[in-house]
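Below is one structure; the comments refer to it alone.
The values are calculated or read from the model by the stated rules, or taken from the named source; none is laboratory data. All values reported here derive from a predicted model rather than from experimental measurement. Here the Cβ is made from the backbone with ideal geometry for all residues, glycine too, and neighbour counts use every protein chain on show.
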Ligand SMILES: [Zn+2]
Ligand SMILES: [Zn+2]
């Protein structure tokens, strides 16, 4: 069985810890075959706005250079890949396409955290923390479908993020899960089984994600999954407990797991 992770952050996002090289060392220690960095993309905010949850545009070059340096330095020990985690915003779509064309970026993952950028007057905060009504669920689903439709992404990160603090997996959750999984199958895009949800939701007593019922629906629609650590601390990668728990759940549900991302 290959051990891979394509969802890794760096300190530049202002809510992660550990030097870039520490993530590589932890991944080698934990026996990973591939490690992909996918820090939060620095959107080109036009009004001088500085986001509290992502690198600035000024840090972007350093991010790329640092990961490429590590890729070269550790090439005999582990395969390092360079990516970004992005929301899907219509206004930045062309910019993102151009960025992806610069062949340094190998892949993009779709982290649908909110429907409008942080500097927008429509911005309502982090999805997982603001989804309380069926209207919120509907908004989340619509933004997810748009991102999948764009064809820009290698996979959908935490597609069940709407369960971050929604109290129960009700019939409306079922409905939006069906729509998301149907679209994922249609567009042949992978869904990420995000194991960072385990400790987050255990600590807070939420049903949370990964949400078993979501994945049962994904299985019904014959979707494929890939495990993601969503590491914000290099030590996350050394933790086997949630990886093993994820593998066990995936096998129980019977959903097909892809080990390696191709791009
Ligand atoms: Zn993050
Ligand atoms: Zn992430």
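Brief remarks follow.
- Exactly one residue among 151, 147, 111, 125 is exposed (fewer than 15 other Cβ atoms within 10 Å of the Cβ) and modelled with pLDDT of 95 or more, and that residue is 151.
- A search for C-beta distances below 6 Å between a residue of the range 30-45 that is touching a residue at least 40 places away in the same chain (Cβ under 8 Å) and more than 17 Å from residue 79 (Cα to Cα) and any residue that is within 14 Å of ligand 2 (Cβ to nearest atom) and part of a strand (DSSP E or B), counting only pairs 6+ apart in sequence or on different chains, returns 40/85; 41/84; 41/86.
- For beta carbons closer than 7 Å, sequence separation of 6+ or different chains, a first residue in the range 10-21 that is under 20 Å from residue 50 (Cα atoms) and a second that is exposed (fewer than 14 other Cβ atoms within 10 Å of the Cβ) and at pLDDT below 95, the qualifying pairs are 13/53; 14/52; 14/53; 15/53.
- A count restricted to the range 82-98 and to residues that are away from ligand 2 (no atom under 16 Å from the Cβ) and under 21 Å from residue 192 (Cβ atoms) stands at 2.
Matching residues to (1) part of a loop (DSSP other than H, G, I, E, B); (2) under 16 Å from residue 87 (Cα atoms); (3) touching a strand residue (DSSP E or B) at 6+ places or on another chain (Cβ under 8 Å); (4) within 16 Å of ligand 1 (Cβ to nearest atom):
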{"position": "2", "(1), (2), (3), (4)": "yes, no, yes, no"}
{"position": "12", "(1), (2), (3), (4)": "no, no, yes, yes"}
{"position": "23", "(1), (2), (3), (4)": "no, no, yes, yes"}
{"position": "28", "(1), (2), (3), (4)": "no, no, no, no"}
{"position": "38", "(1), (2), (3), (4)": "no, yes, yes, yes"}
{"position": "48", "(1), (2), (3), (4)": "yes, no, no, no"}
{"position": "52", "(1), (2), (3), (4)": "yes, yes, no, yes"}
{"position": "59", "(1), (2), (3), (4)": "no, no, no, yes"}
{"position": "67", "(1), (2), (3), (4)": "no, no, yes, no"}
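- The test for being assigned to a loop (DSSP other than H, G, I, E, B) and within 16 Å of ligand 1 (Cβ to nearest atom) holds for residue 118.
- You will find that of 221, 206, 242, the residue that is in contact (Cβ under 8 Å) with a residue 24 or more places away in the chain, within 16 Å of ligand 2 (Cβ to nearest atom) and more than 20 Å from residue 39 (Cα to Cα) is 242 and no other.
- Number of the condition not met by residue 199 [criteria: (1) surrounded by fewer than 17 Cβ atoms within 10 Å (Cβ to Cβ); (2) more than 27 Å from residue 83 (Cα to Cα)]: (2)
Yes/no per residue for (1) within 15 Å of ligand 2 (Cβ to nearest atom); (2) more than 19 Å from the chain's Cα centre (by Cα):
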site: 19; (1), (2): no, yes
site: 32; (1), (2): no, no
site: 35; (1), (2): yes, no
site: 58; (1), (2): no, yes
site: 69; (1), (2): no, yes
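- Of the candidates 77, 73, 25, the single residue that is over 25 Å from residue 91 (Cβ atoms), more than 14 Å from ligand 2 (Cβ to nearest atom), buried (at least 18 other Cβ atoms within 10 Å of the Cβ) and more than 17 Å from the chain's Cα centre (by Cα) is 25.
- Residues of the range 107-126 satisfying the condition of being within 14 Å of residue 42 (Cα to Cα) and more than 13 Å from ligand 2 (Cβ to nearest atom): 117, 118, 119
- Subset of the range 226-242 [under 19 Å from residue 159 (Cβ atoms), more than 16 Å from ligand 1 (Cβ to nearest atom) and out of contact with any helix residue (DSSP H, G or I) (no Cβ under 8 Å at 6 or more places or on another chain)]: 226
- Hits in the range 220-252 (condition: buried (at least 17 other Cβ atoms within 10 Å of the Cβ) and closer than 21 Å to residue 172 by Cα): 221, 223
- Within the range 81-105, restricting attention to residues that are touching a strand residue (DSSP E or B) at 6+ places or on another chain (Cβ under 7 Å) and part of a helix (DSSP H, G or I), the residue that is farthest from residue 145 (Cα to Cα) is 100.
- Some residue of the range 130-143 being modelled with pLDDT under 90, in a loop (DSSP other than H, G, I, E, B) and surrounded by fewer than 19 Cβ atoms within 10 Å (Cβ to Cβ): yes
- Here residue 202 fulfils each of the conditions (1) in a helix (DSSP H, G or I); (2) modelled with pLDDT under 95; (3) closer than 18 Å to residue 137 by Cβ apart from (3).
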